[in-house]
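**Q** Okay, handing you the structure first.
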Amino acid sequence: MTLFGLVRHGQTEYNRQSLFQGSSDIPLNDVGIEQAHRALDHLPDVDWDVVITSPMKRAEQTGRIIAEDHGIPFGEPVPDLREIDWGQAEGVDVDEAEQRWPGRSFPGREDHQEVADRGYDALEKLEELYRGKNVLVVAHGTIIRFILSGIAERALDSIPNGTLSLVRLEGTEWSVEMIANEPVENTVRTASREQNPRFVVEKRNLTPGADPAVDADSPSDDARTADDGSIDATDRTEEAR
């Protein structure tokens with residue numbers, strides 16, 4: 001069994017200004033750097049074996065700060081952990097983008113199901129490389145939320161910057177123990193590792209979270225369990241600040 005700690009990167013200037021960030025490669029700001037230093041404070045004492053990150057600046061920078069602060073080896077970044085690509089909405093103010101493209105039908109936006117699928121693929125590949133180890137993964141709000149919503153089988157709010165979630169994977173059994181620093185308990189099984197999608201994600205009218213510490217690259221959604229055990233996720237509207 002492999003334990004994954006999923007950490008959302010620290011704050012960036014795009015986060016602070018409520019701009020769509022996604023595939024835009026923006027570094028941490030001063031607040032984000034401090035969040036990275038505090039990311040493992042007051043959380044379960046886990047002996048992490050390695051830090052793995054998305055290749056994007058904000059995630060890698062967060063991961064390197066954590067690795068240096070806690071003396072954890074830093075591994076190779078994993079491309080499939082990158083954030084969703086918002087297409088032509090990248091770098092655009094949330095309100096302006098939603099007025100220009102109703103329903104967030106942004107030209108060139110990456111398919112949500114593909115984001116979820118590559119997130120699960122990435123963790124399964126890491127489990128094969130680090131079987132029985134404790135792997136700290138630093139990535140992004142939307143891809144982390146997609147992963148967690150499937151395993152938790154319920155609605156999830158946006159994942160705040162610098163928070164930790166805990167997931168265990170053994171074979172085809174996924175368990176979640178913590179979401180954004182809060183204890184959670186749920187276990188699901190998939191038919192096989194070849195099954196795609198692991199969980200069905202249907203996205204409509206995506207909106208960012210209302211928490212001022214949460215940004216536009218991590219919208220909030222409602223999820224319910226479908227009859228076949230997959231996740232059918234719909235969205236709850238929240239005001240971005």
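The values are calculated or read from the model by the stated rules, or taken from the named source; none is laboratory data. Keep in mind it's a predicted model, so treat the numbers as computed, not measured. Heads up, the Cβs are rebuilt from the backbone with ideal geometry, glycines too, and the neighbour counts pull from every protein chain shown. Side chains included, ligands, DNA and RNA excluded: accessible areas come from the protein's heavy atoms. Shrake-Rupley method; radii C 1.70, N 1.55, O 1.52, S 1.80 Å.
**Q** Mind listing whichever residues of segment 1-13 are open to solvent by less than 60 Å² (accessible area, probe 1.4 Å) and in a loop (DSSP other than H, G, I, E, B)? Full working, then the answer.
**A** Step one: of segment 1-13, the residues open to solvent by less than 60 Å² (accessible area, probe 1.4 Å) are 2-12.
If the condition is that a residue be open to solvent by less than 60 Å² (accessible area, probe 1.4 Å) and in a loop (DSSP other than H, G, I, E, B), then HIS9, GLY10, GLN11 are the ones that fit.
Quick grid of which residues meet (1) in a strand (DSSP E or B); (2) modelled with pLDDT under 95; (3) within 15 Å of the chain's Cα centre (by Cα); (4) closer than 20 Å to VAL138 by Cα:
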site: SER24; (1), (2), (3), (4): no, no, no, yes
site: ILE33; (1), (2), (3), (4): no, no, no, yes
site: TRP48; (1), (2), (3), (4): no, no, no, yes
site: THR62; (1), (2), (3), (4): no, no, yes, yes
site: GLU76; (1), (2), (3), (4): no, no, no, yes
site: GLN113; (1), (2), (3), (4): no, yes, yes, no
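**Q** Which ones in segment 14-27 are open to solvent by less than 20 Å² (accessible area, probe 1.4 Å) and of a type outside the set (S, T, N, Q)?
**A** Restricting attention to segment 14-27, the residues satisfying the condition of being open to solvent by less than 20 Å² (accessible area, probe 1.4 Å) are 15, 18, 20-22.
Once the filter is applied, which keeps residues that are open to solvent by less than 20 Å² (accessible area, probe 1.4 Å) and of a type outside the set (S, T, N, Q), segment 14-27 yields PHE20, GLY22.
**Q** Residue pairs, Cβ under 8 Å, 6 or more apart or interchain, first in segment 174-201 and without any contact (Cβ under 8 Å) to a residue 12 or more places away in the chain, second surrounded by 14 or more Cβ atoms within 10 Å (Cβ to Cβ) and outside any loop (DSSP other than H, G, I, E, B). List them.
**A** Pairs that qualify, where the first residue is without any contact (Cβ under 8 Å) to a residue 12 or more places away in the chain and the partner is surrounded by 14 or more Cβ atoms within 10 Å (Cβ to Cβ) and outside any loop (DSSP other than H, G, I, E, B), are GLU177/LEU166; GLU177/VAL167; GLU177/ARG168; GLU177/VAL184; PRO183/GLU177; GLU185/SER175; GLU185/VAL176; GLU185/GLU177.
**Q** Filter segment 11-39 down to the residues that are out of contact with any Leu (no Cβ under 8 Å at 6 or more places or on another chain) and hydroxyl-bearing (Ser, Thr, Tyr) and list them by number.
**A** Answer for segment 11-39, where residues must be out of contact with any Leu (no Cβ under 8 Å at 6 or more places or on another chain) and hydroxyl-bearing (Ser, Thr, Tyr): TYR14, SER18, SER23, SER24.
**Q** Let me ask something else. Filter segment 69-115 down to residues that are among the basic types (Lys, Arg) and open to solvent by less than 70 Å² (accessible area, probe 1.4 Å), then give me how many there are. I'd like the intermediate steps shown before the answer.
**A** The first filter runs over segment 69-115 and keeps only residues among the basic types (Lys, Arg), leaving 82, 100, 104, 109.
Next cut, open to solvent by less than 70 Å² (accessible area, probe 1.4 Å) only: 104.
Total satisfying the criteria: 1.
**Q** Mind checking which strands (runs of 3 or more DSSP E) fall wholly inside segment 155-241 and carry at least 2 residues that are modelled with pLDDT of 50 or more, open to solvent by less than 20 Å² (accessible area, probe 1.4 Å) and not β-branched (Val, Ile, Thr)? First the steps, then the outcome.
**A** Working: elements: 164-170, 173-179, 182-189, 222-225, 231-234.
In segment 155-241, the matching strands (runs of 3 or more DSSP E) lie at 164-170, 173-179.
**Q** LEU40 passes all but one of (1) of a type in the set (A, V, I, L, M, F, W, C); (2) closer than 30 Å to PRO107 by Cβ; (3) in a loop (DSSP other than H, G, I, E, B); which number fails?
**A** It is condition (2) that LEU40 fails.
**Q** For segment 142-154: of the residues being out of contact with any helix residue (DSSP H, G or I) (no Cβ under 9 Å at 6 or more places or on another chain) and not in a loop (DSSP other than H, G, I, E, B), which is surrounded by the fewest Cβ atoms within 10 Å (Cβ to Cβ)?
**A** Result: ALA152.
**Q** Applying the selection to segment 36-62, what residues are buried (at least 18 other Cβ atoms within 10 Å of the Cβ) and touching a helix residue (DSSP H, G or I) at 6+ places or on another chain (Cβ under 8 Å)?
**A** First, the residues of segment 36-62 that are buried (at least 18 other Cβ atoms within 10 Å of the Cβ): 36, 39-40, 48, 50-54, 56, 58-62.
Of everything in segment 36-62, those that are buried (at least 18 other Cβ atoms within 10 Å of the Cβ) and touching a helix residue (DSSP H, G or I) at 6+ places or on another chain (Cβ under 8 Å) turn out to be ALA36, ALA39, LEU40, TRP48, VAL51, ILE52, THR53, SER54, ARG58, ALA59, GLN61, THR62.
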